There are 2 protein chains.
Amino acid sequence: MLSRIRSFIKEHNLLDINGGIVLVGLSGGADSVSLLDVLCKLGYDCVALHCNFHLRGEESERDESFAREFAKRKKVPYFAIDFQTASFAEKNKLSIEMAARQLRYDWFEEMCKKLNAQAVAVAHHRDDSIETLLMNLMRGSGIRGLVGIRPKNGYVVRPLLCVSRADIQDWLGQIGQTYVTDSTNFSDEYTRNYIRLRVLPSMEQLNPAVRVTLARSAMHLSAAEEIYLSVLEKARKELWKGNSLSIPQLLAYPASETILYEMLRPYGFSRQVVSSLFMCLGRESGKSFYSPLGWRVIKDRDCLLIDKDGKTEETMEFKKDQLFKIQSDFPIKCQLIQYNEHFRF
Amino acid sequence: MLSRIRSFIKEHNLLDINGGIVLVGLSGGADSVSLLDVLCKLGYDCVALHCNFHLRGEESERDESFAREFAKRKKVPYFAIDFQTASFAEKNKLSIEMAARQLRYDWFEEMCKKLNAQAVAVAHHRDDSIETLLMNLMRGSGIRGLVGIRPKNGYVVRPLLCVSRADIQDWLGQIGQTYVTDSTNFSDEYTRNYIRLRVLPSMEQLNPAVRVTLARSAMHLSAAEEIYLSVLEKARKELWKGNSLSIPQLLAYPASETILYEMLRPYGFSRQVVSSLFMCLGRESGKSFYSPLGWRVIKDRDCLLIDKDGKTEETMEFKKDQLFKIQSDFPIKCQLIQYNEHFRF
């Protein structure tokens, strides 16, 4: 395990042994306990960071004292923070999961600057990556969702992506190290657990090495995505002149409908609206299309003009466990902003 | 069903109602029976083509007479051909599946030219496409294997890709049309059936619309693949000067290791060999790499030189149901040329 992780860190250029301190996200769960243990053994100068999200009462306190004790035993500096996750989520209209993620990564970034650290290491492993791939595939995601979890993303590095959940459990068994139940998964937990306990085992019946091959697919897609993003970057530079996008230049691109979608996505245009817009490119001028963020695209002769129209669609929020009956003389558009298992049409 | 298929044909520009005759592959199974029925009802000038692969004895004859009778009832010209698939496969060292595919498509192409047809329509539907996607994902395929089945590929078109297996069964029930059990799936059948009967239903438990979302993922990947292939095409033109490939120009590409793999793949170089080669790019010159097809790549100062070396690796074939025990003082490389469920290391 140590040598595999050492090679992986080197191959992906994640950390430098002489590059200064490494912050390690430490929840107290099996994955993060292994991560801190391994990085210490590999000779990195670690500092442990623990987030207390105060979402599970007593259990949150138990996790925090476990993490503190473990860091102390590893002789590693330890910092902890308390988040009022539930109220932050409500205030910012985020799901609990998104709120926790934002609070966590914001603090990590802040600590990274404050302590002048080379990176923050987090404990995602290969099975997390595969589960994410399958979850996104089953949601109809495009290439960006199908590349698994990245080894490096800005200041965040993931040295355990080369090992599996089973490898981590084995390692902890070998060194006789205990851990607490990880409490960092929130609303995705149902989907993720189902994939872990039902979908993946059914695939393994057919191909016992399926986790390895899925990880290989993700890696290949990641290379394809890099190429895809480089073309988008080029398109962004070539196609736009101020607020005008050249239609003939757009149509010279491969998969030009997708390129158009990617160009308009930052303004809140959906695939569906872009698809209608794309069909109008060869037709007469003057037609307008609106995004829910208040942007308008007008088809001019040989270009598309984009401006801020101010019109936004009215939205109505459906809360958990409420049943709605809607009557209207007008067509109503329902958009699923956040899906969970309680949602039914 | 009729209108959906009509729109799909139009959207993907598959067939032209005034474009001349359409050949239709007719096995006699539910899918191809529906296809011929639908295309006739949509007003296309159809001709039925039946392949008898002589692989299932009596059943092959039953299928052939069913197809002939059905074509006759639809008042559609009918051609059949007999293939000695098993002996063709043995002679050309192909799997039965590959042999049948090659014989079938070669004959389709020949008939397309002979009858001056606009295209050959085959009966793959959305579930075939999704099963192929999952099968390839589980094999660790790259983006090319994850785009599902294409609506159009040269002279072959697939008008039923917009409908599901269930839609086809419903349609046949509605019009009271019988069919025979399709006998065109061979060695993939075990894998494909497993995915159909176990993997997909387990995914559907989580997301009842998973077939729709998987098809959407495949469509998005297909657009990404188009962009990927266009970059490869550009790389092919830019990087090669005769038998020499420029290293600095290669390294200027995104995902340059993958670009190098794609440039050397036609010469039989594996991902693994290309990966070793890629790691040597910054090092001293003179190192050579060989492909099993007899090609050699030499790292020169700022380029890679490729030539035909003639050396090929010795291979040894393992036949079904044989158990091998190998002792050797030399490292042995095992390559899995064709996988089936009997293979165990």
Quick one: what does P(r) look like for the protein assembly as shown with 20 Å bins over all Cα pairs, in whole %?
-> 14, 43, 36, 8, 0
What residue among B:SER27, B:SER276, B:SER60 shows peak mean-square fluctuation when chain B is described by a Gaussian network model with Cα springs under 10 Å?
-> B:SER276
About the Cα centre of the stretch A:229-308, how large is the charge dipole given +1 on each Lys and Arg Cβ and -1 on each Asp and Glu Cβ? Please answer in debye to the nearest 20.
-> 140 debye
Quick shape check on the stretch A:2-215: root eigenvalues a ≥ b ≥ c of the Cα gyration tensor, a/c under 1.5 is rounded, otherwise prolate if a/b tops b/c, else oblate, and it reads rounded
Under 5 Å between amide H atoms, partner at least 5 residues away or on a different chain: which partners does A:VAL157 have, H built in plane at 1.01 Å?
-> A:VAL120, A:ALA121, A:VAL122
Whether the stretch A:1-111 is rounded, prolate or oblate, judged on the alpha carbon gyration tensor where a/c under 1.5 counts as rounded = prolate
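Can you give the helix-only mean residue ellipticity at 222 nm for chain A, where every DSSP H stretch with n ≥ 4 adds -39500 (n - 2.57) and the sum goes over all residues, rounded to the nearest 500 deg cm²/dmol? Could the numbers behind the result be given before it?
Values: 13 runs with 154 residues, N = 345.
Counting only the DSSP helices, I get -14000 deg cm²/dmol.
Sum up the charges of everything whose Cβ sits under 12 Å from the Cβ of A:LEU251, counting Lys and Arg as +1 and Asp and Glu as -1, but leave A:LEU251 out. Write out the running numbers ahead of the final one.
Values: positive: none; negative: A:GLU257, A:ASP302.
With Lys, Arg at +1 and Asp, Glu at -1, the net is -2.
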For B:SER87, inter-copy label-point distances (7 Å, Cα→Cβ), nm, shortest first, read 8.5
In whole Hz, with x marking every Gly and Pro, tabulate ³J(HN,Hα) for the stretch A:205-218 from phi via Karplus 6.51 cos²θ - 1.76 cosθ + 1.60, θ = phi - 60°.
-> 4, 7, 9, x, 9, 4, 5, 5, 5, 5, 5, 5, 4, 4
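Any idea what the dipole of the stretch A:201-245 comes to, in debye rounded to 20, about its Cα centre with Lys/Arg Cβ at +1 and Asp/Glu Cβ at -1?
Numbers: 6 positive and 5 negative charges, 36 e Å.
Magnitude of the dipole: close to 180 debye.
Would you please classify the overall shape of the stretch B:232-308 from the alpha carbon gyration tensor, given that a ≥ b ≥ c denote the square roots of the eigenvalues, rounded means a/c under 1.5, and beyond that prolate means a/b larger than b/c while oblate covers the rest? It would help to have the intermediate numbers written out before the result.
Details: a/c = 1.31, a/b = 1.14, b/c = 1.15.
Rounded is the answer for the stretch B:232-308, as its axis ratio a/c remains below 1.5.
In what sequence do B:LEU305, B:LEU250, A:LEU214 fall when counting other Cβ within 10 Å, fewest first? Don't skip to the answer; put the middle values down first.
Values: B:LEU305 14, B:LEU250 20, A:LEU214 26.
Ascending number of Cβ neighbours within 10 Å: B:LEU305, B:LEU250, A:LEU214.
Mind checking A:195-204 for the average number of partner chain beta-carbons within 10 Å of each residue's beta-carbon?
4
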Which one of B:GLN102, B:GLY176, B:VAL147 has its Cα pushed farthest toward the positive end of the charge dipole of chain B, where Lys and Arg give +1 and Asp and Glu give -1 at the Cβ?
-> B:VAL147
Relative contact order for the stretch A:2-215, counting Cα pairs under 8 Å that sit 6 or more residues apart, in percent | 26 percent
Could you pull out every residue, at least 5 positions away or on a different chain, whose amide H is within less than 5 Å of the one on A:VAL163? Hs are placed 1.01 Å off N in the peptide plane, and Pro or chain starts have none.
-> A:ARG126
Nearest 20 debye, what's the magnitude of the dipole of the stretch A:79-168 about its Cα centre given +1 on Lys and Arg Cβ and -1 on Asp and Glu Cβ?
-> 280 debye
Residue mean of other protein chain beta carbons inside 10 Å, B:258-267 | 1
Closest approach to the B/A rotation axis among chain B Cβ atoms, residue and whole-Å value | B:SER202, 2
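Students often check this: by mean Cβ neighbours within 10 Å, which of B:120-130, B:279-289, A:106-116, A:286-296 ranks highest, and how do the rest follow? Before the final figure, lay out the partial values.
Details: B:120-130: 24.3, B:279-289: 12.0, A:106-116: 13.8, A:286-296: 15.6.
Listed from highest to lowest mean packing, they are B:120-130, A:286-296, A:106-116, B:279-289.
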HN-Hα J in Hz across the stretch A:73-82 - Karplus 6.51, -1.76, 1.60, θ = phi - 60°, x for Gly and Pro | 5, 7, 6, 10, x, 10, 10, 10, 9, 9
With one decimal in nm and the nearest listed first, the spacings from A:HIS54 to its own position in the other copies, using label points 7 Å along Cα-to-Cβ, are 8.1
Give the nm distances, rounded to one decimal, from A:LYS308 to the matching residue in every other copy, measuring between label points 7 Å along Cα toward the beta carbon; shortest first.
-> 6.5
Residues with amide H under 5 Å from that of B:CYS303, placed H, sequence gap 5 or more = B:ILE247
Distance between the stretch A:203-226 and the stretch A:1-43 - C-alpha centres, whole angstrom | 24 Å
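Just tell me how shielded A:215-221 is by partners: mean number of partner chain Cβ atoms within 10 Å of each residue's Cβ, no decimals. Write out the running numbers ahead of the final one.
Numbers: counts 1, 6, 10, 2, 4, 11, 8.
Taking the mean over all residues of the peptide, I get 6.
Bear in mind these aren't lab numbers, they're just calculated from the coordinates by the rules spelled out. Fair warning: this is a prediction, and the values are worked out from it, not measured in the lab. Cβ coordinates were reconstructed from backbone atoms using ideal geometry, including for glycine residues, and neighbour counts include every protein chain displayed.
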